[in-house]
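The structure under discussion appears below in the form of structure tokens.
The values are calculated or read from the model by the stated rules, or taken from the named source; none is laboratory data. Being a predicted model, the structure only gives us computed values, none of them experimental. Glycine also receives a Cβ, built like all others from the backbone with ideal geometry; neighbour counts cover every protein chain displayed.
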Amino acid sequence: MIARLLVVFTAGALTACAITRGPDVSGEARGSTKAAIAEVLSAQVEAWNRGDLETFMDGYWNSSDLVFTSGGRVQRGWQTTLDRYRAAYGERTDTMGRLTFNDLEVHELERESAWALGRWRLDTDAGPRGGIFSLVFRRIDGHWLIVHDHTTESTPES
């Protein structure tokens, strides 16, 4: 009797785990997610290096719920983030410098969310700046968008 109850309980527990586990994300789907997020970041670099902040911001969720954390401050909202970039860097290539991202890692959390870690470098007339970023992405209306950006500045690597 106990053995039979154990079998029934185990089967029920396994079924519950299978149901609540969520969708399985195949290696191919993970690869396409990584490629799509890398493409978003590449488009941001290209837009930045053209002095096009509006297109650079296309990589961010256009929402008042966007979170941007840097320099010990938390700011919220797409417009606030754009205004912060404008105030800090201007909107011309000579004031914005040349941006590069490297050491990019993308980790899928589930089908509609992922996080990325990488290094940024900005070469300007005043000298290089750089640091590390961690980004949370969500797929919204079929587009991978940054919903949370945490960027730190440190001495850039050579």
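Conditions: (1) modelled with pLDDT of 95 or more; (2) under 17 Å from the mean Cα position of the chain (by Cα); (3) not hydrophobic (A, V, I, L, M, F, W, C). Residue 79 meets all but one. Number of the miss?
(2)
Scan region 131-149 and tell me whether some residue there is of a type in the set (Gly, Ala, Ser) and in contact with a strand residue (DSSP E or B) (Cβ under 8 Å, 6 or more places away or on another chain).
Yes, some residue in region 131-149 is of a type in the set (Gly, Ala, Ser) and in contact with a strand residue (DSSP E or B) (Cβ under 8 Å, 6 or more places away or on another chain).
Considering every residue within region 32-41, establish whether at least one is out of contact with any strand residue (DSSP E or B) (no Cβ under 9 Å at 6 or more places or on another chain), loosely packed, with under 13 Cβ neighbours inside 10 Å, part of a helix (DSSP H, G or I) and modelled with pLDDT under 95.
yes
With a cut-off of at least 3 residues that are of a type outside the set (D, E, K, R), name the strands (runs of 3 or more DSSP E) lying wholly within region 44-158.
The strands (runs of 3 or more DSSP E) meeting that bar are 67-70, 98-110, 113-124, 127-140, 143-154.
Go through region 122-136 and report how many residues are in contact with an Asp or Glu (Cβ under 9 Å, 6 or more places away or on another chain) and closer than 23 Å to residue 67 by Cβ.
8
Which is surrounded by fewer than 15 Cβ atoms within 10 Å (Cβ to Cβ), charged (D, E, K, R), in contact (Cβ under 8 Å) with a residue 24 or more places away in the chain and within 21 Å of residue 69 (Cβ to Cβ), of 112, 153, 105?
The conditions single out 153.
For region 122-144, what are the residues that are over 15 Å from the mean Cα position of the chain (by Cα) and of a type in the set (Ser, Thr, Tyr)?
124
What are the residues in region 62-89 that are farther than 20 Å from residue 124 by Cβ, touching a residue at least 40 places away in the same chain (Cβ under 8 Å) and exposed (fewer than 14 other Cβ atoms within 10 Å of the Cβ), if any?
65
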